[in-house]
Amino acid sequence: MGHHEHGAAVRDDVRELGRELRRAIPAVYRGYAGLHEAALADGALDRGTKELIALAIAVSRECDGCIAAHAQGAAAHGASEAQVAEALGVAILMNGGPATVYAPRAFDAFREFAASTPAGGQDAPASGLAARGSPQR
């Protein structure tokens, strides 16, 4: 499958617009950044697993910017294509038809970011994510 600009191009467009709004309401963005880091911090679930959850929710919410951000996060934290595909399958189950449009976008974005991440997107376990998608402890 070829690159369809569901990853970096979307992320970059959203970043530029976000910078403009962030300058207008910096306290709101600081608060959101704190929430983002706290929610995705390693805990009972590792960061990679949380990125997979966030990616599936992004598909359900039909949010291209969220898909790009969490596809990149999943790639950066060692998710495999198989793990991403299974998480997207759950999004399709929970969201029905619209997820069949956004899940392929998310898969394409993940593949884009995984290709530019060292050892990203392999079907072997990586950095906290076991082969079956469970956190390693």
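The values are calculated or read from the model by the stated rules, or taken from the named source; none is laboratory data. In this text the structure is predicted, and so the values were computed from the model without any measurement. Ideal geometry is used to build each Cβ from the backbone, glycine not excepted, and the neighbour counts take in all protein chains shown. Remember, those area values only see protein heavy atoms, side chains included, never the ligands or the DNA or RNA. Shrake-Rupley method; radii C 1.70, N 1.55, O 1.52, S 1.80 Å.
Just one of the listed residues (33, 74) is under 21 Å from residue 111 (Cβ atoms) and either under 14 Å from the mean Cα position of the chain (by Cα) or not charged (D, E, K, R) (or both), and it is 74. Note on the range 60-114: among residues that are at pLDDT 95 or above and either in contact with a Cys (Cβ under 9 Å, 6 or more places away or on another chain) or of a type in the set (Asp, Glu) (or both), the one that is most open to solvent (accessible area, probe 1.4 Å) is 86.
Each residue in the range 25-53 was checked for being open to solvent by less than 20 Å² (accessible area, probe 1.4 Å), closer than 22 Å to residue 12 by Cβ and among the aliphatic types (A, V, I, L, M), and 1 of them qualify.
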